[in-house]
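Derivation of every value follows stated rules applied to the coordinates shown; laboratory data play no part. The model shown is predicted, which means the values in this text are computed figures rather than measured ones. Note that we place each Cβ from the backbone using ideal geometry, even for glycine, and neighbour counts take in every protein chain shown.
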Amino acid sequence: MSVSLRSLERDLRGRLRALGRADLADQAVERVGFTDDGSTRYVHIFVRPNWRAYRQGDVYPLAFADYPDLRTLAQWRTFLDEARLLMNDDFSRIVQWLDGR
């Protein structure tokens, strides 16, 4: 299975809806995306700024890798697989985080 940021976001929204939390899927989750501090890349879940539990600068980290660890396509796939695995493992915590708890 191919993993991408788009598929991570789609899976997150789908799991939230399946849990009966369409409010979180539709109104809380802004996106799953990359950030970069100049030496490390991260995959984060971002909350919409107009969501009731929004906290400026707060994101949910799913994976991180230093630049030298992301030189090949296989390394990028592994990086995104790690994000998917953590999203699955931490799903209940992500729901609480999105709820502002």
### Task
Pairs of Cα atoms under 8 Å, at least six residues apart: use those to get the relative contact order of the stretch 5-99, whole percent.
23
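Hey, can you rank 35-44, 3-12 by average C-beta count inside 10 Å, highest first? Please report the intermediate quantities before stating the final value.
Details: 35-44: 13.4, 3-12: 16.1.
In decreasing order of mean packing, 35-44, 3-12 become 3-12, 35-44.
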### Query
How many nm separate the modelled label positions at residue 77 and residue 23, each set 7 Å beyond the Cα in the direction of the Cβ?
4.1
### Query
Taking the Cα-to-Cβ direction at residue 70 and at residue 50 and moving 7 Å from each Cα, how far apart do the two end points lie in nm?
3.0
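Work out how much length residue 37 to residue 6 would gain on full extension: take 0.36 nm times their residue separation and subtract the Cα-Cα distance, in nm to one decimal. Provide the component values of the computation, followed by the final result.
Working: separation 31, 0.36 × 31 = 11.16 nm, distance 2.15 nm.
Full extension of this stretch gives 9.0 nm more.
Calculated from DSSP H runs of 4 or more alone, at -39500 (n - 2.57) each and per residue, what is the 222 nm mean residue ellipticity of the chain, nearest 500? Provide the component values of the computation, followed by the final result.
On the way: 3 runs with 40 residues, N = 101.
It comes out at -12500 deg cm²/dmol, rounded to the nearest 500.
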### Message
Computed from the coordinates I sent, Cα Rg over 2.2 N^0.38 Å equals one of (i) 3.24; (ii) 1.02; (iii) 1.07. Tell me the label.
### Response
(iii)
